[in-house]
Amino acid sequence: MTTITISSAKLAITFQEGKLPAIDPTDPGFELALGGVMIAGKINAKAARKLAAHQGGAVLSGRLLAAEDGNLILAEAGFVWLEPRPSASGAQAGQGGTDHATTTEPRPEAH
């Protein structure tokens, strides 16, 4: 087997509408648990507040790095917001009938 050494990897996690994580804006650090491996990350307080109020889905993304102590860190973490799905009554009224979410342009989040 060949080993390829990398300095980082891009990670993206999709959270469905209604299943967004709760991250405290006063302490916006978090840990992701992946099969017993913990990945530390942090977003800014503004993103945590928007996360609490957002009605759609979201994609958390960032650079996955190995720290000097061997732990994993999600650096440059931020969200791309997915618009809520149209309600059944809105779709019947001609306000869009698509079944997929649309994305808004991501804004760079200060860390």
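What the table below lists for this structure:
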{"quantity": "Failed item in (1) outside any strand (DSSP E or B); (2) touching a strand residue (DSSP E or B) at 6+ places or on another chain (Cβ under 8 Å); (3) at pLDDT 95 or above, with residue 48 passing the rest", "calculated": "(2)"}
{"quantity": "Scope region 53-82; condition surrounded by 15 or more Cβ atoms within 10 Å (Cβ to Cβ) and not in a strand (DSSP E or B); matching residues", "calculated": "54, 56, 57"}
{"quantity": "Some residue of region 10-27 being part of a strand (DSSP E or B) and over 30 Å from residue 86 (Cβ atoms)", "calculated": "yes"}
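The values are calculated or read from the model by the stated rules, or taken from the named source; none is laboratory data. The structure presented is a predicted model; accordingly, all values stated were derived computationally and were not measured. Glycine gets a Cβ as well: all are built from the backbone with ideal geometry, and neighbour counts include every protein chain shown.
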